[in-house]
Amino acid sequence: MIDLHTHTTCSDGTDSPLTLVKKAASSGITVLGLTDHDSTAGWAEAVASLHGKLQLALGAEVSCLTEDGVSVHMLGLLFDGENQPLQQLLADSRDTRIPRMKKMIENLQGAGFDITLEDVAAATPLGATLGRPHLADALVAKKIISSRDEAFAGLINNESPHYVSHFAPTPEDSIKAIRAAGGVAVIAHPFASRRGQTLTPESFNSLVAAGLNGIEVFHRDQSEEERTQLLLIARELDLAITGSSDYHGTGKLNQLGESTTAAAEWERLESMASHRRVVSR
Ligand code: AMP
Ligand code: ZN
Ligand code: FE
Ligand code: FE
């Protein structure tokens, strides 16, 4: 079972890299993609925790914004973790998440909610990429709402008046940075319309021109119809097709291995990286 998209406490997941690796090995995963938001901080612990037959595809999920302001996530896998331009791009994204969080908190305070940056810091694991899920956890701790899901359905939704975006590269720039670092770029859940505005079918052409390698088709946030459309686009543009859980521990309902990638598609993707970087024990 190949699951190429998961999160740990290094971003907004709730399992440490060690726990995630153990769970993946015991649930029959053969290749695990480690893709924390805008961070490679979990790589070392995951590698040190490897045992048995599990293989690791180290990566990151890069937050992007199109020229039109549409939020897009780009999975980078098998890139050189020491690549400075890519690490700088990730660091810039993480840095702007702090003033962004301050603004969202000010908006919530202005609307009368009793929430502070200290509350959010207390809900954020040390070294994690700061995100709205941590704000949601702080709101739950303060009994303002009852779950992350409730927070995302209302108070901190993209369409909410309290929402603030943060700096992010365009998807094209992030693809170029991932490829220049020797990795492969797979666009994550591109048609997940239940999350908000999505890419148009036409926009895939410029992603391919920038070096896109694959499309995440099988993902719980994409309907049958959205998957069918994406399969057609992938075939037309000769892109690899992936499926993944986007596991977040208890932070989301998503279960490890609930959607998977076919072995042949993974072999194809792996062959497009500059070096063989899959980690096995
Ligand atoms: P941010 O990057 O700070 O804007 O936060 C977005 C992140 O929140 C995404 O990466 C999702 O994984 C997570 N997220 C979105 N919707 C939900 C939800 N309903 N429940 C839990 N986490 C969510
Ligand atoms: Zn997330
Ligand atoms: Fe995502
Ligand atoms: Fe994700």
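The values are calculated or read from the model by the stated rules, or taken from the named source; none is laboratory data. Keep in mind that this is a model prediction, so the values were computed, not measured. Every residue, glycine as well, gets a Cβ built from its backbone with ideal geometry; the counts of neighbours run over all protein chains shown. Ligands, DNA and RNA are stripped out before the accessible areas are found, and what is left, the full protein with its side chains, is counted by its heavy atoms. Shrake-Rupley method; radii C 1.70, N 1.55, O 1.52, S 1.80 Å.
Pick out which of Thr40, Thr200, Thr66 has the largest mean-square fluctuation in a Gaussian network model of the chain, springs linking Cα atoms closer than 10 Å.
Thr200
Report the Cα centroid-to-centroid distance between segment 245-281 and segment 183-231 in angstrom, as an integer.
16
Beyond 22 Å, how much of the Cα-Cα pair distribution for segment 16-110 remains, as a whole percent? Each step should come with its number before you reach the end.
On the way: 1864 of 4465 pairs.
For segment 16-110, the share of Cα pairs beyond 22 Å comes to 42 percent.
Any chance you could check the Cα centroid distance between segment 11-50 and segment 104-119 for me, in angstrom?
Value for the Cα centre distance between the two parts: 32 Å.
Round to the nearest 10 and report in Å² the accessible area of Thr260, as given by a 1.4 Å probe over the protein chains' heavy atoms.
Solvent-accessible area, nearest 10 Å²: 50 Å².
Anyone know which of Pro125, Pro85, Pro171 comes out most mobile in the 10 Å Cα GNM of the chain?
Pro85
Above 23 angstrom, tally the Cα pairs of the chain and express them as a % of all pairs, no decimals.
Percent of Cα pairs beyond 23 Å in the chain: 51.
Skip the ligands, DNA and RNA, and give the accessible area per residue of the chain with a 1.4 Å probe, whole Å².
Heavy-atom SASA per residue in the chain reads 43 Å².
How do Asp238, Asp119, Asp92, Asp38 stack up against each other in accessible area, from largest to smallest, with a 1.4 angstrom probe? Write down the numbers at each step before the final one.
Numbers: Asp238 110, Asp119 40, Asp92 60, Asp38 0 Å².
If we order Asp238, Asp119, Asp92, Asp38 from most to least accessible, we get Asp238, Asp92, Asp119, Asp38.
I want to verify a result. In a Gaussian network model of the chain, Cα cutoff 10 Å, which of these has the top mean-square fluctuation: Arg220, Arg235, Arg100?
Sorting by GNM fluctuation, first place goes to Arg235.
Given a 1.4 Å probe and the protein chains all in place, what does the accessible area of Lys22 round to, in Å² to the nearest 10?
In the full protein context, Lys22 sits at about 110 Å².
Please report, as a whole percent, how much of the solvent-accessible surface of the chain comes from carbon and sulfur atoms (probe radius 1.4 Å).
Exposed carbon and sulfur together represent 52 percent of the surface.
Which sequence of Leu108, Leu155 reflects their accessible areas, 1.4 Å probe, from the largest down?
Reading off the accessible areas and sorting them downward yields Leu155, Leu108.
Grab the DSSP H runs of the chain that are 4 residues or longer, score each as -39,500 (n - 2.57), total them, divide by all residues and round the 222 nm result to the nearest 500 deg cm²/dmol.
-11000 deg cm²/dmol
Nearest 20 debye, what's the magnitude of the dipole of segment 188-281 about its Cα centre given +1 on Lys and Arg Cβ and -1 on Asp and Glu Cβ?
Charge dipole of segment 188-281: 400 debye, to the nearest 20.
For Glu82 and Glu67, calculate 0.36 nm times their separation in residues minus their Cα-Cα distance, and state this gained length in nm to one decimal.
2.6 nm
What is the Cα coordinate range of segment 20-61 on the first, second and third principal axes, sorted by size from largest, in whole angstrom?
Over segment 20-61, Cα extents along the principal axes are 27, 17, 13 Å.
Would you mind calculating the gained length between Ala262 and Glu225 on full extension (0.36 nm times residue separation, minus the Cα-Cα distance), in nm to one decimal?
In short, 11.3 nm is gained.
Expressed in nm to one decimal, what extension gain is obtained for the pair Lys142 and Ser206 from 0.36 nm per residue of sequence separation less their Cα-Cα distance?
Length gained between Lys142 and Ser206: 18.6 nm.
Say R0 is 41 Å: what FRET efficiency, to the nearest 0.05, do Ser165 and His275 get from their beta-carbon distance? Provide the component values of the computation, followed by the final result.
Working: r = 35 Å, r/R0 = 0.84.
Computed FRET efficiency for Ser165 and His275 comes out at 0.75.
When averaged across all projection directions, what area in nm² does the alpha-carbon convex hull of segment 172-281 cover?
Mean projected area of the Cα convex hull: 7.9 nm².
Just to check I understand the Karplus step: with θ = phi - 60° and J = 6.51 cos²θ - 1.76 cosθ + 1.60, what whole-Hz values come out for segment 229-236, glycine and proline as x?
Rounded to whole hertz, the list is 4, 5, 4, 5, 5, 4, 5, 4.
Under a point spin-label approximation (7 Å from Cα along Cα-to-Cβ), what is the Lys103-Gln197 distance to one decimal in nm?
1.5
Suppose accessible area is computed on protein heavy atoms with a 1.4 Å probe; arrange Thr14, Thr250, Thr129 from highest to lowest.
Numbers: Thr14 55, Thr250 125, Thr129 5 Å².
Largest accessible area first, the residues go Thr250, Thr14, Thr129.
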